[in-house]
Amino acid sequence: MKKFNFIINTIFILVFLLINITSVNAQIITSAEIDELVEKTLKTFDVPGIVVAIIKDSKVIHSKGYGVRNLNTKEKVDENTLFGIASNSKAYTAAALGMLVDEKKIKWDDKVTDYIPEFQMSDPYVTKEFMIRDLLSHRCGLGLGAGDLMMWPDSNKNTTSDIIHNLRYLKPVSSFRTQFDYDNNMFIVAGEILKRVSGMSWEDFIEKRIMQPLNMEKSAASKKRLKDKSNVTSLHAPVDGKVQVIDIGWSEIADAAGGIYSNLTDLSKWVTMQLNNGKYGDDLSKQLFSEEAQQEMWAEQTIIPVKGANPYNTHFSGYGLGWFVSDVKGYKQVTHTGGLAGTVTQITLIPELKLGIIVLTNQQVGAAFTTITNTIKDSYFDLPKTDRLKEYSERWMKGNEKVKKITDEVWKVISEQQKKPTTKKVDSLYTGTYNDKWFGDVIISAKKGKLYFDSKKSLRMIGELFYYKANTFVVKFNDRALDADAFLQFELDKNGKAIGFKVETISPSTDFSFDFQDLDFYRVENKLH
């Protein structure tokens, strides 16, 4: 008996020590620790406002705003402040189509041309074989952000029909279904399929079939559809080295790719439903979409190679339908980020832990949400505490130094050229109207001895040209918040007159949706408008 008691006591002591050793090395993060982390993150990355929510086992255990929603007015951020969630809207588009699959109105493998006969890619085979699931999985063969300039930053003169028509002019960079390259325009096409099959606009479907059942009372499918705009965050970005409020428009034609506005209160309901396999309601008696549809959305459709060391021993990564999927410390992770000028967001699900993390910010520094999300994840994965803020801030600062070095060197060359008496003369060699098949017209004009760039569809893309080298100029856009200055390399005919030009981004920090590399301009006339 004594021997038995000794064994029991020994086991009890070992278990007690094991529990305490684990608690020393890692502990579930507290709200006070989150408060401290976010306040430091705001200052480190110069972000005016951040909101953070944690959902665990169907309960919201943390939901709070930090900082201000507008640097000028100093209005405070709270859990009800509305943010543009950007590409986190893509999961809603996938969910909406999943609901139509459940209703047997479509199949994931249906051909796009069955619903949009005018849909056409550059390759007839790709056009013929393109399925609905291909629209949602970034594997169409086009390059990163291809064609985004049709709707970014605010090309309101394009219509959905224009975008669908112009896809045929975009040149692939890889074979169909062989490579991951992020593509917004395919989600616009997916939104059009939703409209034609359901008989409702994408915006109406999202609000009536998803937001209303989940009681997402303050949310809307686009900013213009918000009923109450009294608590909406402003957008912020560095402009000439100082973070300022900016006003960048969003084309509603791209809502299916990134138009939704929501807040922590409403997004927590969306995340809770996701973690309950499509079920919602007080007793989970209602079903938004089937578990089969969810598993399809969460299944790897497109492989994303995992390269180098990573903090979570990730071995496999990919894109599902509207979600990124990967393994992290032995768990499945389902996540997405969103980025528009002036705001970046992240939603992360760890289904096996019934854990959801939401981080929304009103400045475009992704390192901020990564710091917060990964610190929270560390605590739930029982990892020893790691200073993620230090890790990501050092990486961010190095990136900024690299960008500054590159851009400073370009403007140094331009400054030196301006001092030379032999600098290129402004004359009719370059002026004229140039056209790219999918982007439209750009006018190069001369005014008071200076050259100017003027896009006729993307109305914010206007700026002065500065001579750089040989037949290359730099366009400096008037709207400095775009952060998109670019090289214009002119092609000359045998008489030395420009017959076309190509465009190349200068700064590595320029948003990939400025897909200048896909543009190919040719002179169409000499007479200016």
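The values are calculated or read from the model by the stated rules, or taken from the named source; none is laboratory data. Predicted model only: the values in this text are computed from it and were never measured. Cβ: placed from backbone, ideal geometry, glycine included. Neighbour counts: every protein chain shown. These area figures cover heavy atoms from the full protein model, side chains too; ligands, DNA and RNA do not enter into them. Shrake-Rupley method; radii C 1.70, N 1.55, O 1.52, S 1.80 Å.
Would you mind finding the one in 110, 114 that is open to solvent by 60 Å² or more (accessible area, probe 1.4 Å) and among the charged types (D, E, K, R)?
Checking each option against the conditions leaves just 114.
Quick one: in segment 411-428, which of the residues that are within 19 Å of residue 477 (Cα to Cα) and of a type outside the set (A, V, I, L, M) is surrounded by the most Cβ atoms within 10 Å (Cβ to Cβ)?
For segment 411-428, the residue satisfying everything is 411.
Answer with yes or no whether residue 429 is farther than 23 Å from residue 148 by Cα and either assigned to a loop (DSSP other than H, G, I, E, B) or at pLDDT below 95 (or both).
Criteria met by residue 429.
Restricting attention to segment 324-345, which residues are closer than 30 Å to residue 245 by Cα and either assigned to a loop (DSSP other than H, G, I, E, B) or without any contact (Cβ under 8 Å) to a residue 60 or more places away in the chain (or both)?
The answer is 335, 341, 342.
Can you name every residue in segment 271-308 that is among the acidic types (Asp, Glu) and exposed (fewer than 14 other Cβ atoms within 10 Å of the Cβ)?
Within segment 271-308, 282, 283, 291, 292 meet the criteria.
List pairs: first residue in segment 508-522 and free of Cβ contacts under 8 Å to residues at least 12 places away in the same chain, second residue surrounded by fewer than 17 Cβ atoms within 10 Å (Cβ to Cβ) and of a type in the set (S, T, N, Q) anywhere in the structure, Cβ distance under 9 angstrom, at least six positions apart or on different chains.
none
Of all residues in segment 273-289 being under 12 Å from residue 215 (Cα atoms) and in contact (Cβ under 8 Å) with a residue 12 or more places away in the chain, which is farthest from the chain's Cα centre (by Cα)?
It comes out as 280.
Quick check on segment 253-270: of everything there that is part of a helix (DSSP H, G or I) and within 20 Å of residue 187 (Cβ to Cβ), which residue is most open to solvent (accessible area, probe 1.4 Å)?
Checking each candidate, the answer is 253.
Pull out all pairs, ordered by first then second residue, where Cβ-Cβ is under 8 Å, the residues are six or more apart or on different chains, the first lies in segment 205-222 and is without any contact (Cβ under 8 Å) to a residue 12 or more places away in the chain, and the second is outside any helix (DSSP H, G or I).
208/200
Test residue 487 against the criterion of being open to solvent by less than 20 Å² (accessible area, probe 1.4 Å), in contact with a Lys or Arg (Cβ under 9 Å, 6 or more places away or on another chain) and of a type in the set (A, V, I, L, M, F, W, C), and give yes or no.
Judged against the criteria, residue 487 is not a match.
Which residues, counting only those in segment 239-252, are open to solvent by less than 70 Å² (accessible area, probe 1.4 Å) and in a loop (DSSP other than H, G, I, E, B)?
248, 249, 250, 251
Which pairs have Cβ atoms under 8 Å, sit 6 or more apart or on different chains, and link a residue in segment 383-411 that is free of Cβ contacts under 8 Å to residues at least 40 places away in the same chain and more than 16 Å from residue 311 (Cβ to Cβ) to one that is open to solvent by 80 Å² or more (accessible area, probe 1.4 Å) and of a type in the set (S, T, N, Q)?
From residues that are free of Cβ contacts under 8 Å to residues at least 40 places away in the same chain and more than 16 Å from residue 311 (Cβ to Cβ), there are no pairs.
For segment 492-529, give me the residue count where each residue is modelled with pLDDT of 95 or more, farther than 27 Å from residue 258 by Cβ and either of a type in the set (S, T, N, Q) or touching a helix residue (DSSP H, G or I) at 6+ places or on another chain (Cβ under 9 Å) (or both).
1
Assess whether residue 162 counts as being under 20 Å from the mean Cα position of the chain (by Cα) and over 16 Å from residue 519 (Cα atoms).
The answer is no for residue 162.
Per-residue answers, yes or no, for (1) acidic (Asp, Glu); (2) surrounded by 15 or more Cβ atoms within 10 Å (Cβ to Cβ):
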position: 348; (1), (2): no, yes
position: 358; (1), (2): no, yes
position: 370; (1), (2): no, yes
position: 377; (1), (2): no, yes
position: 384; (1), (2): no, no
position: 397; (1), (2): no, no
position: 403; (1), (2): no, yes
position: 409; (1), (2): yes, no
position: 430; (1), (2): no, yes
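Can you pull out every residue in segment 63-78 that is part of a strand (DSSP E or B) and not β-branched (Val, Ile, Thr)?
Passing the criteria: 63, 64, 65, 66, 67, 76.
What's the number of the only condition in (1) over 23 Å from residue 359 (Cα atoms); (2) modelled with pLDDT of 95 or more; (3) among the small types (Gly, Ala, Ser) that residue 281 fails to meet?
(2)
If I ask for residues that are farther than 14 Å from residue 436 by Cα, open to solvent by less than 10 Å² (accessible area, probe 1.4 Å) and part of a strand (DSSP E or B), which ones from segment 491-529 would you list?
498, the sole residue that qualifies.
Evaluate segment 252-263: report whether one residue or more is of a type outside the set (Lys, Arg), over 30 Å from residue 193 (Cβ atoms) and at pLDDT below 95.
Scanning segment 252-263 turns up no residue that is of a type outside the set (Lys, Arg), over 30 Å from residue 193 (Cβ atoms) and at pLDDT below 95.
What residue, among those in segment 455-471 that are surrounded by 17 or more Cβ atoms within 10 Å (Cβ to Cβ) and more than 27 Å from the chain's Cα centre (by Cα), is nearest to residue 492 (Cα to Cα)?
Per the stated criteria, the residue is 471.
Could you please tell me which pairs satisfy a Cβ distance under 8 Å, a separation of 6+ or placement on different chains, a first residue in segment 185-199 that is free of Cβ contacts under 8 Å to residues at least 24 places away in the same chain and open to solvent by 10 Å² or more (accessible area, probe 1.4 Å), and a second residue that is outside any loop (DSSP other than H, G, I, E, B) and not small (Gly, Ala, Ser)?
Listed pairs, sorted by first residue: 195/202; 195/205.
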